[in-house]
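The values are calculated or read from the model by the stated rules, or taken from the named source; none is laboratory data. Only a predicted model underlies this, so the values are computations on that prediction, with no experimental measurement involved. Because the Cβ atoms are built from the backbone with ideal geometry, glycine has one as well, and the counts that use them run over all protein chains shown. In case anyone asks, the SASA skips ligands and DNA or RNA and just uses the protein heavy atoms, side chains included. Shrake-Rupley method; radii C 1.70, N 1.55, O 1.52, S 1.80 Å.
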Amino acid sequence: MEIRCRIIQSLRVALSPETAPYVLGDREIKEPDPQILSLNAELIAYDETAVRFLRDREIAFVRTGLGLLINSYLVSNALSTQPMNMRGSERMQLNILVLQQNLKNIEADVDLARASNYYGLFQEGVDAIVEKAKRDKEKEANDGDGSVPEAEKFSYDELKALVELCYSVQLADPERGVNAAAKRQMGEKVLALSEYMWQT
């Protein structure tokens, strides 16, 4: 419980624009968030303690599911990062990469591809998000076996949050015209998204 609570607490801080703003300038992102580096160090320390005092079966119990928790948290709490621009998304991708590299030393076969794919969609832009929903729905209708890989499968709410994130910089703009235009465009994209995802 402690290791999972620590992961959630660290990710909550790392996703907060108050501690780690995701609207960044043009400079290339070379360093992950300090909170992510700190979490990595703690995960290693927790794991070393578990290995020292527990048996193999118990160690496996503690380790299993850490990647799933991180994947789920980063995707389901994406809106807490807003506003986010392209450089901010690049920093998020770096955070995910650094977490995954560290977790590979702890949990076997860990894969944060779902979180990485999610923020990768942000970088492709709002039209790509809507197009993905359309493509995935067509795939499911044609194949009938839900052939979209799990790491690329997102719910309506998750994709809707991503659309909102794409407009978050304009929505935060104090200029009323920019804000209103963004709301209108966002409404159109969300409507298109819902049409594709709910059609049978």
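Criterion first (in contact with a Cys (Cβ under 9 Å, 6 or more places away or on another chain) and either open to solvent by less than 20 Å² (accessible area, probe 1.4 Å) or modelled with pLDDT under 95 (or both)) does Ile106 satisfy it? Considered against the rule, which asks whether it is in contact with a Cys (Cβ under 9 Å, 6 or more places away or on another chain) and either open to solvent by less than 20 Å² (accessible area, probe 1.4 Å) or modelled with pLDDT under 95 (or both), Ile106 comes out as no. Please state which one of Asp136, Asp173, Asp111, Asp127 is in a loop (DSSP other than H, G, I, E, B), over 25 Å from Ile36 (Cβ atoms) and charged (D, E, K, R). The unique qualifying residue is Asp173. Considering (1) surrounded by 15 or more Cβ atoms within 10 Å (Cβ to Cβ); (2) touching a residue at least 60 places away in the same chain (Cβ under 8 Å), the lone condition that Leu112 does not fulfil carries the number (2). Does Ala50 fit the bill of being without any contact (Cβ under 8 Å) to a residue 12 or more places away in the chain and over 24 Å from Gln123 (Cα atoms)? No.
Each row is one residue, and each column tells you yes or no for (1) of a type in the set (S, T, N, Q); (2) open to solvent by 40 Å² or more (accessible area, probe 1.4 Å); (3) closer than 30 Å to Asp157 by Cα.
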position	(1), (2), (3)
Glu18	no, yes, yes
Gly25	no, yes, yes
Ile36	no, no, yes
Ala41	no, yes, no
Val51	no, yes, no
Ala60	no, yes, no
Leu74	no, no, yes
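Inspection of segment 141-149 finds a residue satisfying the criterion of being open to solvent by 40 Å² or more (accessible area, probe 1.4 Å), farther than 26 Å from Val23 by Cα and among the aliphatic types (A, V, I, L, M). Kindly establish whether Ala14 is at pLDDT below 95, of a type in the set (A, V, I, L, M, F, W, C) and under 23 Å from Leu159 (Cα atoms). It is true that Ala14 is at pLDDT below 95, of a type in the set (A, V, I, L, M, F, W, C) and under 23 Å from Leu159 (Cα atoms). Of everything in segment 2-19 that is free of Cβ contacts under 8 Å to residues at least 60 places away in the same chain and part of a loop (DSSP other than H, G, I, E, B), the residue that is farthest from Leu171 (Cα to Cα) is Thr19.
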